[in-house]
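Peer 1: Below: one structure in structure tokens.
The values are calculated or read from the model by the stated rules, or taken from the named source; none is laboratory data. These figures come from a predicted structure and were not determined experimentally. No Cβ is skipped: glycine too gets one built from the backbone with ideal geometry, and neighbour counts run over all protein chains shown.
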Amino acid sequence: MTVYFIGAGPGAADLITVRGRDLLARCAVCLYPGSMTPTDLLAYCAPEAEQVDTANLSLDEIAAKLVSAHRAGHDVARLCSGDPSLYSAVAEQARRLETEGVPYELVPGVPAFAASAAVLGRELTVPGIGQSLVITRAQARSTAMPDGETLANFARSGATLALHLAINHIERVTGELAPYYGEDCPAAVVALASQPGETVVRGTLSDIAGQARAAGMTRAATIFVGRVLSAAGFPDSFLYSSTRDRASQPESL
């Protein structure tokens, strides 16, 4: 049997993929992060499925439940907030499953930064303004960041930033970024994207921290920094240019 690490999306039940929804419906066991999984998302589970809230379980306890369910002959749905490829602890769970010989599969989901960009109504790669996105987090009471992965190093590139797990350190974060982007650089914060209580603030690096505090943002928030957030008068993308030679390009492009 198989363990499916399913991206649950940013919160709204209808933002899970069709594949993820269908797997939830047929798996006999579902492990989910209780503090981050809406009840209506669990409604996709079969009525007889065992549901396990992992909010208060250690990594080893979670892995033990995955292994035991597999050995009992059950497919397992392991819900991950957003997409399994980002800040999901899938890597260490998968390592334990590999040790035990348990097969697993990753099922993509809508990441929080993408849902937040949709709320803002902004493309994060704008011609002539910004073509790169750095997804990172703030260092606090969490696993240490690798050497070189500092906000200052990312900021030197001028790329658009999407910061997760940083809302409670927003003053420090904006203070570190301002010398590189400028106090007037556009910034925005989206909390609880697609969920009840969704909140949005927009401003610049000089005032976004105060706005976020005033709005009561304390969790499930993505901070964006970059000129693309207020881009105007930019050139059209060459992708749809009338001067582009489409006749000779490969069909896969």
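Peer 1: Among the residues of the stretch 133-157, write down those that are in a loop (DSSP other than H, G, I, E, B) and loosely packed, with under 14 Cβ neighbours inside 10 Å.
Peer 2: Matches in the stretch 133-157: ALA140, ARG141, SER142, THR143, ALA144, MET145, PRO146, ASP147, GLY148, GLU149.
Peer 1: I've got another one for you. From ALA159, ALA138, ALA112, which residue is closer than 23 Å to THR199 by Cα and touching a residue at least 40 places away in the same chain (Cβ under 8 Å)?
Peer 2: Only one candidate passes the filter, namely ALA112.
Peer 1: Residue by residue through the stretch 19-35, note down the ones that are surrounded by fewer than 19 Cβ atoms within 10 Å (Cβ to Cβ) and of a type in the set (A, V, I, L, M, F, W, C).
Peer 2: Answer for the stretch 19-35, where residues must be surrounded by fewer than 19 Cβ atoms within 10 Å (Cβ to Cβ) and of a type in the set (A, V, I, L, M, F, W, C): ALA25, ALA28.
Here's the yes/no breakdown for (1) in a loop (DSSP other than H, G, I, E, B); (2) under 17 Å from the mean Cα position of the chain (by Cα); (3) charged (D, E, K, R):
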residue: ASP184; (1), (2), (3): yes, no, yes
residue: VAL190; (1), (2), (3): no, yes, no
residue: SER194; (1), (2), (3): yes, yes, no
residue: VAL200; (1), (2), (3): no, yes, no
residue: GLY203; (1), (2), (3): no, no, no
residue: SER206; (1), (2), (3): yes, no, no
residue: ALA212; (1), (2), (3): no, no, no
residue: THR222; (1), (2), (3): no, yes, no
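Peer 1: Can you name the residue in the stretch 213-224 that is in contact (Cβ under 8 Å) with a residue 60 or more places away in the chain and out of contact with any helix residue (DSSP H, G or I) (no Cβ under 6 Å at 6 or more places or on another chain) and is also farthest from GLU198 (Cα to Cα) among such residues?
Peer 2: Selected residue: PHE224.
Peer 1: Does the stretch 174-182 contain any residue that is closer than 30 Å to LEU41 by Cβ, small (Gly, Ala, Ser) and in contact with a helix residue (DSSP H, G or I) (Cβ under 9 Å, 6 or more places away or on another chain)?
Peer 2: no
Peer 1: Going by the structure shown, is LEU124 in contact with a helix residue (DSSP H, G or I) (Cβ under 8 Å, 6 or more places away or on another chain) and either at pLDDT below 95 or assigned by TED's automatic domain parsing to the domain that holds VAL201 (or both)?
Peer 2: yes
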